[in-house]
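After the structure tokens below, expect a handful of questions from me.
The values are calculated or read from the model by the stated rules, or taken from the named source; none is laboratory data. Because the structure is a prediction, the values reported are computed rather than measured. All Cβ positions, even for glycine, are placed from backbone atoms using ideal geometry, and neighbour counts span all protein chains on display. These area figures cover heavy atoms from the full protein model, side chains too; ligands, DNA and RNA do not enter into them. Shrake-Rupley method; radii C 1.70, N 1.55, O 1.52, S 1.80 Å.
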Amino acid sequence: MLTPTKKILLKAQKQGYAVGAFNINNMEISHAVMEAAEREKAPVICQTSEGSLEYAGMDMLLAIGRQLALTSKVPVAIHLDHGKHPEVVKVAIAAGYQSVMYDGSSNPFEKNIEITSGIVKLAHEKNVSVEAELGAIAGIEDFVSVKERDAHLTNPKQALEFTKRTRCDFLAIAIGTLHGAYKFSGRSHLDISRLKEIKALVKVPLALHGASSVPKDLVKQIEKHGGKLGTPVGVSDGDLKEAVKNGICKVNTDTDLRLAFTAGVRKILTQEPGEFDPRKILASAYDEMVATIRWKIKLLGSSNKA
Ligand code: G3H
Ligand code: 13P
Ligand code: ZN
């Protein structure tokens, strides 16, 4: 059932678990997210990036998401991920998304506050909630000094001021994760003490971007069937659990779905070279995605929370 994102995340915050926010780009991915959530009896957030809207169209993805949510027994919200252009965010608010993200993190602090506040005002008039971002989602290893790290990762005091002044509903914070499959050159490492400081000051639910795990079995399967990925590293299970334990309520995951999709397609194409029915090829991708999403939902603690 379509459910306000705020309702889903406030419950998660209160009960101390996190909800998976999975990026949907087409029917198969959307369906896999919903199937996994149903089987886990978990609330879920389906999110569309600006890139996915260019690929498939907002009307199309919204229609797919809504149709699946309509027949689903678990709470589902449809969310705009990383709206970097205020005009796209405004279209999403009018189109009926449950929530939108305005990502003004590349702007100076005051400019980010100014634009985010305007979006929050517009969104709240339509009962749409807003995720905002403060800090740069950049690899922790990109910073050579503590000073540089402090300048890029989310500053706890600024986070408090930002949420108070913008009245945003959720805050995406930077604690060392990075988008994509190559997050760390060595081991997974997050700035959990920074998260604890933010959590102690900020009252709104916190979102973790770049949270994919990059499961080793998927990487192995892709490589076994001809793929070449180099040395991808994701957020470890321990770090993710620690982040959830310390206040992360929304966990953004896209890369793991892409890896699962690719593993499924590569597997069937090499194992059954005579297969050319797209439905059978995509069914293999679908099965891998459902298994990966179910595993992720369990890790976040949101199974049986619907
Ligand atoms: O935050 C990034 C998501 O993985 C979306 O990626 O812009 O390629 O759709 P995308
Ligand atoms: P990953 O690339 O780690 O899956 O992060 C996705 C994300 O943050 C979408 O907003
Ligand atoms: Zn993100």
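Taking amide H positions as placed 1.01 Å from N in the peptide plane, with prolines and chain starts having none, which residues 5 or more places from Val233, or on another chain, fall under 5 Å of its amide H?
Residues meeting the amide H criterion: Tyr182, Lys183, Phe184.
Helix 109-125 sits at what angle to the longest principal axis of the chain, using alpha carbons and giving 0 to 90 degrees rounded to 10?
It is inclined by approximately 70 degrees.
Cα-Cα over 31 Å: which of Lys6/Lys183; Lys196/Lys216; Lys14/Lys267; Lys90/Lys250; Lys164/Lys305; Lys164/Lys250?
Where the Cα-Cα span goes over 31 Å, the pairs concerned are Lys14/Lys267.
Would you compute, from DSSP H runs of 4+ residues alone, the mean residue ellipticity of the chain at 222 nm, taking -39500 (n - 2.57) per run and dividing by the full residue count, rounded to the nearest 500?
-16000 deg cm²/dmol
Here's a follow-up. Among Gly264, Gly180, Gly51, whose mean-square fluctuation peaks in a Gaussian network model of the chain (Cα, cutoff 10 Å)?
Gly51
Just to make sure I understand: if all protein chains stay in place, what is the order of Phe261, Phe276, Phe22 by accessible area at 1.4 Å, largest first?
Phe276, Phe261, Phe22
Could you work out Rg/(2.2 N^0.38 Å) for the stretch 136-254, with Rg from alpha carbons only?
1.13
Could you tell me the accessible area of His124 in Å² (1.4 Å probe, neighbours in place), rounded to the nearest ten?
70 Å²
Along the charge dipole of the stretch 190-306, pointing to its positive end and built from +1/-1 on Cβ of Lys, Arg, Asp and Glu, which listed residue (Ser303, Ala200, Val233) has its Cα farthest out?
Ala200
Rounded to two decimals, what is the ratio between the C-alpha radius of gyration of the stretch 221-295 and 2.2 N^0.38 Å? Spell out each step's value before the answer.
Numbers: Rg = 15.1 Å, N = 75, 2.2 N^0.38 = 11.3 Å.
Relative to the 2.2 N^0.38 Å estimate, the stretch 221-295 comes out at 1.33.
Taking the chain, how much of its Cα-Cα pair set, in percent, is spaced more than 38 angstrom apart?
Values: 4315 of 46665 pairs.
So the pairs more than 38 Å apart make up 9 percent of the total in the chain.
Also, quick follow-up: Place a +1 charge on the Cβ of each Lys and Arg in the chain and a -1 charge on the Cβ of each Asp and Glu, then give the dipole magnitude about the Cα centre in debye, rounded to the nearest 20.
The dipole magnitude comes to about 1020 debye.
A further question on this structure: Quick one: helix 58-70 against the long Cα principal axis of the chain, what's the angle to the nearest 10°, folded into 0 to 90?
It works out to around 80 degrees.
In degrees, nearest 10, range 0 to 90: what is the angle between the Cα axis of helix 192-201 and the longest Cα principal axis of the chain?
50 degrees
Given the whole protein assembly as supplied and a 1.4 Å probe, what does the accessible area of Lys203 come to in Å², nearest 10?
Accessible area, nearest 10 Å²: 150 Å².
Which links in Lys41/Lys224; Lys7/Lys298; Lys224/Lys245; Lys7/Lys41; Lys199/Lys298 stretch past 28 Å when you go from one Cα to the other?
Lys41/Lys224; Lys224/Lys245
Something else now. In whole Hz, with x marking every Gly and Pro, tabulate ³J(HN,Hα) for the stretch 148-159 from phi via Karplus 6.51 cos²θ - 1.76 cosθ + 1.60, θ = phi - 60°.
For the stretch 148-159, the Karplus curve yields 5, 4, 4, 6, 9, 6, 5, 8, x, 5, 5, 4 Hz.
Hey, in the GNM for the chain with a 10 angstrom Cα cutoff, which one of Pro205, Pro43, Pro278 fluctuates hardest?
Pro278
Could you pull out every one of the aspartates and glutamates with an alpha carbon less than 15 Å from that of Lys228, ignoring same-chain neighbours closer than 8 positions?
Counting by Cα, and skipping residues close in sequence, Lys228 has these aspartates and glutamates nearby: Asp217.
Moving on to the next point. What residue among Ala132, Ala200, Ala12 has the largest mean-square fluctuation in a Gaussian network model of the chain, using Cα springs under 10 Å?
Comparing Ala132, Ala200, Ala12 in the GNM, the peak value goes to Ala200.
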